[in-house]
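Take a look at the following structure, please.
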Amino acid sequence: MALKDAALHALIEPVVTAMGFELWGIEYRPQGKHSQLVIYIDHADGVSVDHCADVSRQVSAVLDVEDPIPGEYRLEVSSPGMDRPLYTLDQFARYAGHEVALKLRVAFDGRRKFQGLLAGIEEDEVLLQLDGEEYCFPIESIDQARVVPRFED
C-alpha cells in the first residue's frame, strides 16, 4: 500500500467502520483538476445508494478538516460490486474458488494479464490456477485484481 493510500486508509477506515460498514478499498486517481478519490464500502446485507451518500457526507467532513489531498478532487463512495477489486491477502483468501483477472506491475512469462481460478493464498503470495498450471504471484507484484462475475443460466 502506497504511503498516501495508507494515510487515507487511516483517516477513512474509522469513519466507515463506525457507520457499520467494511472499508473494502480506496483508489486515489490523481489527474490534475479531475482527480478522483474512490472509496469502496461493503456490508453483509449489501450497500444502497443511501448508504453511499451517508458515508460520503461523513468522510467528506473528515477530509475537509484533515485535508490530506492537495487541490481539487471528486469523492465517490461505491459498493465494490460483483466484479469487485481485490486489494488485500484477506480479500484474496475470501474469494478463493472464484475466477479472477490479475494485472501485474511487471510482465511475467512475457505477459502482465492473467485470468484464472483463485486457488488461495500462501504466505504473501496469491495462487492462480490457469491452463492446468498453478502460478504464485507475490501480492506486491499485483497492480490490479478483480473478481470475474459468473452468471448461471
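The values are calculated or read from the model by the stated rules, or taken from the named source; none is laboratory data. Bear in mind that the values here come from a model prediction, so they are computed numbers and not experimental data. Neighbour counts are summed over all protein chains in view; Cβ atoms, including those assigned to glycine, are modelled from backbone coordinates with ideal geometry.
Find the residue count for the range 1-17, including only residues that are without any contact (Cβ under 8 Å) to a residue 12 or more places away in the chain and assigned to a helix (DSSP H, G or I).
6
Continuing with the same structure: When you look at Leu102, is it at pLDDT 95 or above, within 16 Å of the chain's Cα centre (by Cα), closer than 21 Å to Arg84 by Cβ and surrounded by 14 or more Cβ atoms within 10 Å (Cβ to Cβ), yes or no?
So Leu102 passes the test.
Table: residues versus (1) within 21 Å of Arg29 (Cβ to Cβ); (2) at pLDDT 95 or above.
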{"position": "Gln58", "(1), (2)": "no, yes"}
{"position": "Pro68", "(1), (2)": "yes, no"}
{"position": "Arg74", "(1), (2)": "yes, no"}
{"position": "Ser79", "(1), (2)": "yes, yes"}
{"position": "Tyr95", "(1), (2)": "no, yes"}
{"position": "Leu128", "(1), (2)": "no, yes"}
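Kindly check whether there is at least one residue in the range 69-80 that is out of contact with any Gly (no Cβ under 9 Å at 6 or more places or on another chain), surrounded by fewer than 11 Cβ atoms within 10 Å (Cβ to Cβ) and without any contact (Cβ under 8 Å) to a residue 24 or more places away in the chain.
Yes - at least one qualifying residue is present in the range 69-80.
To continue, here is another question. Starting from the range 36-54, take each residue that is over 15 Å from Ile12 (Cα atoms) and list its partners that are not in a strand (DSSP E or B), counting only C-beta distances under 6 angstrom and pairs at least six apart or across chains.
His43/Phe21; Val47/Ser79
To keep it simple, each residue is scored yes or no on (1) outside any strand (DSSP E or B); (2) out of contact with any strand residue (DSSP E or B) (no Cβ under 7 Å at 6 or more places or on another chain).
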{"residue": "Leu37", "(1), (2)": "no, no"}
{"residue": "Ser56", "(1), (2)": "yes, no"}
{"residue": "Ser60", "(1), (2)": "yes, no"}
{"residue": "Glu72", "(1), (2)": "yes, no"}
{"residue": "Lys103", "(1), (2)": "no, no"}
{"residue": "Gly120", "(1), (2)": "no, no"}
{"residue": "Cys136", "(1), (2)": "no, no"}
{"residue": "Glu140", "(1), (2)": "yes, yes"}
{"residue": "Phe151", "(1), (2)": "yes, yes"}
